[in-house]
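Below: the structure, in structure tokens.
The values are calculated or read from the model by the stated rules, or taken from the named source; none is laboratory data. Owing to the predicted nature of the structure, the values given are computational and were not obtained by experimental measurement. Here Cβ is always computed from backbone atoms with ideal geometry, including for glycine, and neighbour counts include all displayed protein chains. The accessibility values were calculated without ligands, DNA or RNA, using every heavy atom of the protein model including side chains. Shrake-Rupley method; radii C 1.70, N 1.55, O 1.52, S 1.80 Å.
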Amino acid sequence: MGNYQAEIDELKRIIDKYSNIVFFGGAGVSTESGIPDFRSVDGLYHQQYDYPPETILSHTFYRRKPKEFFRFYRNKMLFLDAKPNAAHVKLAELEARGKLKAVITQNIDGLHQAAGSKTVLELHGSVLRNYCEKCGQFHDVQYILNSADVPKCEKCGGSVKPDVVLYEEGLDSRTMTDAMRFIRDAQVLIIGGTSLAVYPAAGLIDYFRGDNLVVINKAPTPRDSHADLLIQAPIGEVFSQL
């Protein structure tokens, strides 16, 4: 564990001073809850699957090879035993204290809500919501987990699709608009656990006009040079000390 005491003290000072803080997070927020970032893939994928994750998780692949899509999806995208970590818990606490206005997340695991966060904008959807493409009937995540091959709607027999934004699919325009507004109006933007490599989500950072840009991430990001405070450490580790 590195010594980030000076940076953590500065982050505490910023949080104490401001009351309009927005958090923008990615996969690194959930890795400390045991959910792997599917981009930093180990050799396992290549042994079990004939295609890279980005291909399997595309709209085209979902349409053409739904059986293979769901095999991967159940094995690699559903981590239902995962629990919120220190970062999720602290963010919910900051919201309850009236400091944090919104969590904007690229994650699809629902852990922010599980920790108690109320205003959560899920840019890429959630594995916890699934809808029939034919009649719109809602199905929970257990329904997907327990169904064989391609899940079918118990009501009409249509295909049930996870409410997750796949590659080639557009992001929900209302969620994007809300995220832009929160970021534009924020005094402080904390970016955590994301390499800022996935667009259009990463482009939302351009709307920030506030006083303090804070970047907390283990690896370098394209925004490090713009940050007023940079902490190169795991986000759960940092938030556990706030």
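For residue 3 and residue 80, the FRET efficiency from 1/(1 + (r/R0)^6), where r spans their Cβ atoms and R0 equals 41 Å, is about 0.70.
Evaluated with a Cβ-only charge set (Lys, Arg +1; Asp, Glu -1), segment 86-167 carries a dipole of roughly 280 debye about its Cα centre, given to the nearest 20. Multiplying the residue separation of residue 226 and residue 48 by 0.36 nm and removing their Cα-Cα distance gives an extension gain of 60.0 nm. Cross-linked pairs 90/161; 83/161; 76/118; 12/90; 118/218: Cα-Cα separations exceed 22 Å for 90/161; 83/161; 76/118; 118/218. Taken about its Cα centre, the chain carries a charge dipole of about 560 debye when Lys and Arg each add +1 at the Cβ and Asp and Glu each add -1 at the Cβ.
Within the straight-line cut-off of under 12 Å between alpha carbons, the aspartates and glutamates reachable from residue 155 are 133, sequence neighbours fewer than 8 places apart in one chain being disregarded.
Each part gets one Cα centre, and for segment 188-242 versus segment 3-23 those centres are 13 Å apart. Per-residue accessible area (protein heavy atoms, 1.4 Å probe) orders 177, 221, 60 as 177, 60, 221, starting from the largest. Stretching residue 96 away from residue 209 to a fully extended chain increases their span by 38.3 nm, per 0.36 nm per residue minus the current alpha-carbon distance.
Projecting the Cα atoms of 131, 176, 57 onto the charge dipole of the chain (Cβ charges, centred on the Cα centre) puts 131 farthest toward the positive pole. Estimated purely from DSSP H runs of n ≥ 4, each contributing -39500 (n - 2.57), the mean residue ellipticity at 222 nm for the chain is -9000 deg cm²/dmol once divided by its residues. Rounded to the nearest Hz, the phi-derived 3J(HN,Hα) couplings of segment 119-130 under the Karplus curve 6.51 cos²θ - 1.76 cosθ + 1.60 (θ = phi - 60°) are 8, 10, 9, 8, 4, 10, x, 8, 5, 7, 10, 9, where x marks glycine and proline.
Close amide-amide hydrogen proximity is noted between residue 129 and 163, each under 5 Å apart and 5 or more residues distant or on a separate chain (H modeled in the peptide plane; Pro and chain starts excluded). A 1.4 Å probe over all protein chains sorts 55, 175 by accessible area into 55, 175, starting with the largest.
Test of the criteria: in segment 63-133, which GluC sites (Glu not before Pro) are in a DSSP loop and have at most 14 other Cβ atoms within 10 angstrom of their Cβ?
For GluC sites (Glu not before Pro) across segment 63-133 that sit outside H, G, I, E and B with at most 14 neighbouring Cβ atoms in 10 Å, the list reads 133.
In this view, the solvent-accessible surface of residue 134, computed with a 1.4 Å probe and all protein chains in place, comes to about 150 Å².
Summarising the amide proton neighbourhood of residue 216: residues at separation of 5 or more, or on other chains, whose placed amide H is nearer than 5 Å comprise 191, 192, 193, 231.
Quickly work out the residue 175-to-residue 147 label distance, labels modelled 7 Å from Cα along the C-beta direction, and quote it in nm with one decimal. Here the answer is 1.9 nm between the modelled labels.
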